[in-house]
Amino acid sequence: MSGTGGQDRFGPYGDGPEGPRDSGGPAGAPRIPLPRSSVEEGVRPLPEFPEPERPLVLEHRVLKSLLGAWALAACSPEETAAVEDHLGHCGPCAEEALRLRDAVLLLHPEESLDLDPMLRSRVLEGCLARRPARVPVPAWALPYDAETARLDALLKDIGDGEWHAPVRLRWYAGQEQVSRKTTVAGVIAHLTSVDGMVARALGLDDPLAAQASELLGPDARTETYWKASYYPPTRAVRVPWRDQAHALVRTASFAGSDPADTEGSGQLPVSYGEFELPLRDAMVDRAFECWVHAGDIADAVDYPYEAPSPRHLNRMIDLAARMLPDSLAVRRRSGLAAPARELVTAGAPGRSLRLEVEGAGGGEWLISLDSPAAVGSAEREVAHVALDGVEFCQLAAGHVSPDEAAAGQVGDREAIRDVLSATAALSRM
C-alpha cells in the first residue's frame, strides 16, 4: 500500500527490516512499538495454574479386578487411565484384557423392546401341546385370530392423539388406484363394519343394526357405518371391534366342533354384496384385510410391523390365487381384459399361467385364463410369473400397481398383464 503510513514504517525509500528505521517523530517518540516486557520482569504476580491431576495409583490386584469393567467400558475416567497405563507394562493383564474385549464382542446386540410377533403363536402351541383345547379353533380361523391379536397389541401401544393420525386407504377400481382419507380410529371402524358381514352370517349382532342389508358390500357398509356415527371415531371403537373379533372366533370354533356337521361349518356362505365366499375363505379374507390395514396404521404412527407367519401368509396367498380366475372373468366382461381365446367345457384343462410366489409362505398355482370353470394345466401353460410373497399380497391389496410389481415374466405378455391387473382388482376399501 502507498501513503504516509508506509513511508513512516519502512523509511522514505521503503527500507525493510535490514534498512535504517525512522524512529523520530513530532514528539520524538518511537513510531514502532517496543517489545512488551515479560511478566517475570515486572512486579505483577504470576498467574496461578491448577496443578496437574496425579494419576490414580492402584495395586496390581485391584487393576486386575477392573479388567472386566474396563472391557465393558464401565470404569471411571481415572480408573480407565490407570488400567490402560498398567496394560502397557504388564503382559499377563494385557492378554487377559484382550480376551475380555473379544468376549464382549460376542454378547448379543441391543434388541428391540417390542415382542416377537410369533411369540403368541409359540406360547399357544406349547400350551396346546400339553393340554389340547376342548373346543379347538379351526385351522381356517387361526389367521384371523392371530392377526386381530397382533393389531390389538399395536393399538394398545399408541397414544390418545395417534388415534386421530391421518390414514389413506388405497385400492384399485377399474384401471386406476383410488384412495379414501380417514384416521386410525376410522380404520378400526371400517374393520368393525366389514367384519359384521361374517357376524351376520354366524347369527351374531351386526354392528350396522337397522342400516344393515345383505346387499351392501364392504365399501357401502363402511360409508354407512361412518355416517351413522354422531362424532368422528375415537379410541372408543377398539373395544367393540375386539369383542366382535373374539365372538367371531369363538362362534366359528363351536360351530366347527359339531360332530353332526358333516358338510363343515366352513362352507356357510357369507354375503359380500355382489358375491359370496364360504366362511372358511371369508375368515382368511378378514385376516388378510386386518393385516393390510394394520400396516396402514403402523405407517401412520411410525411403528414397525411384520408380515404374518408363513403358514398364515400361505393361506392368504392361496385364497387370492383361487379368486384370480373369477376376477379375470369380471374384468373381461367389463372390457378391461383381453377376450378369451379358447373356451373349454367346465372341468377341462385350459390355457394357464403359472404363478410362482417366492419366499416364506409361497408356492405355485396354475391360473386358468379363459374360463373360471376350466382347470389349470401344466401342459397348457402359456406364461410364468414369479413374485415375492409380501409383494404379491401388496399387489392384491392395491398398494402396488401391476406395472410396478417386480415380477419375473416369461411367456404370453398379454396373459401376464391381465393376471397382474386381475390381482390388483381383488383389492377394495
- Reported set for the range 185-218 where residues are under 17 Å from Asp296 (Cα atoms) and either of a type outside the set (A, V, I, L, M) or in contact with an Asp or Glu (Cβ under 6 Å, 6 or more places away or on another chain) (or both) is Gly186, His190, Thr192
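Scan the range 405-429 residue by residue and report those that are within 26 Å of Val187 (Cα to Cα) and either more than 24 Å from the chain's Cα centre (by Cα) or of a type outside the set (Ser, Thr, Tyr) (or both).
The first filter runs over the range 405-429 and keeps only residues within 26 Å of Val187 (Cα to Cα), leaving 405, 421-429.
Answer for the range 405-429, where residues must be within 26 Å of Val187 (Cα to Cα) and either more than 24 Å from the chain's Cα centre (by Cα) or of a type outside the set (Ser, Thr, Tyr) (or both): Ala405, Ser421, Ala422, Ala424, Ala425, Leu426, Arg428, Met429.
Of all residues in the range 91-123, which are modelled with pLDDT under 70 and assigned to a helix (DSSP H, G or I)? So that I can check it myself, show each step before the final result.
Our first condition is that a residue be modelled with pLDDT under 70; within the range 91-123, this holds for 108-118, 120-121.
Arg120, Ser121, listed by residue number.
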- Take the residues of the range 61-90 that are small (Gly, Ala, Ser) and assigned to a helix (DSSP H, G or I): which is most open to solvent (accessible area, probe 1.4 Å)? Ser65
- Task: Mind listing whichever residues of the range 397-411 are in contact (Cβ under 8 Å) with a residue 40 or more places away in the chain and either assigned to a loop (DSSP other than H, G, I, E, B) or open to solvent by less than 30 Å² (accessible area, probe 1.4 Å) (or both)?
- Result: Ala397, Gly398, His399, Ser401
- Query: Does at least one position in the range 338-351 carry a residue that is farther than 16 Å from Ser421 by Cα, open to solvent by less than 60 Å² (accessible area, probe 1.4 Å) and touching a Pro at 6+ places or on another chain (Cβ under 7 Å)?
  - Reply: no
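Yes or no, residue by residue, for (1) in contact with a His (Cβ under 6 Å, 6 or more places away or on another chain); (2) aliphatic (A, V, I, L, M); (3) surrounded by fewer than 20 Cβ atoms within 10 Å (Cβ to Cβ):
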site: Gly376; (1), (2), (3): no, no, no
site: Ala383; (1), (2), (3): no, yes, no
site: Leu395; (1), (2), (3): no, yes, no
site: Arg428; (1), (2), (3): no, no, yes
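Considering only residues that are part of a helix (DSSP H, G or I) and small (Gly, Ala, Ser), look in the range 297-319 and name the one that is most open to solvent (accessible area, probe 1.4 Å). Lay out the reasoning, then the answer.
Filtering the range 297-319 for residues part of a helix (DSSP H, G or I) gives 297-300, 310-319.
Now drop any that are not small (Gly, Ala, Ser), which leaves 298, 300.
Numbers: Ala298: 1, Ala300: 39 Å².
Among them, the one singled out is Ala300.
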- Note on the structure: By residue number, the members of the range 227-239 that are surrounded by fewer than 16 Cβ atoms within 10 Å (Cβ to Cβ) and assigned to a helix (DSSP H, G or I) are Lys227, Ala228, Ala236, Val239
- Item | Members of the range 148-168 found to be under 12 Å from Gly398 (Cβ atoms) and surrounded by 20 or more Cβ atoms within 10 Å (Cβ to Cβ), listed by number | none
- Item | Scope the range 398-420; condition touching a Lys or Arg at 6+ places or on another chain (Cβ under 8 Å) and of a type outside the set (D, E, K, R); matching residues | Gly398, His399, Pro402, Ala415
- How many residues, within the range 189-244, are among the β-branched types (Val, Ile, Thr) and either modelled with pLDDT under 85 or closer than 22 Å to Phe288 by Cβ (or both)? 5
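The values are calculated or read from the model by the stated rules, or taken from the named source; none is laboratory data. For clarity, every value in this text was computed on a predicted model and none was experimentally measured. Cβ: placed from backbone, ideal geometry, glycine included. Neighbour counts: every protein chain shown. Note: areas computed on protein heavy atoms with side chains; ligands, DNA, RNA excluded. Shrake-Rupley method; radii C 1.70, N 1.55, O 1.52, S 1.80 Å.
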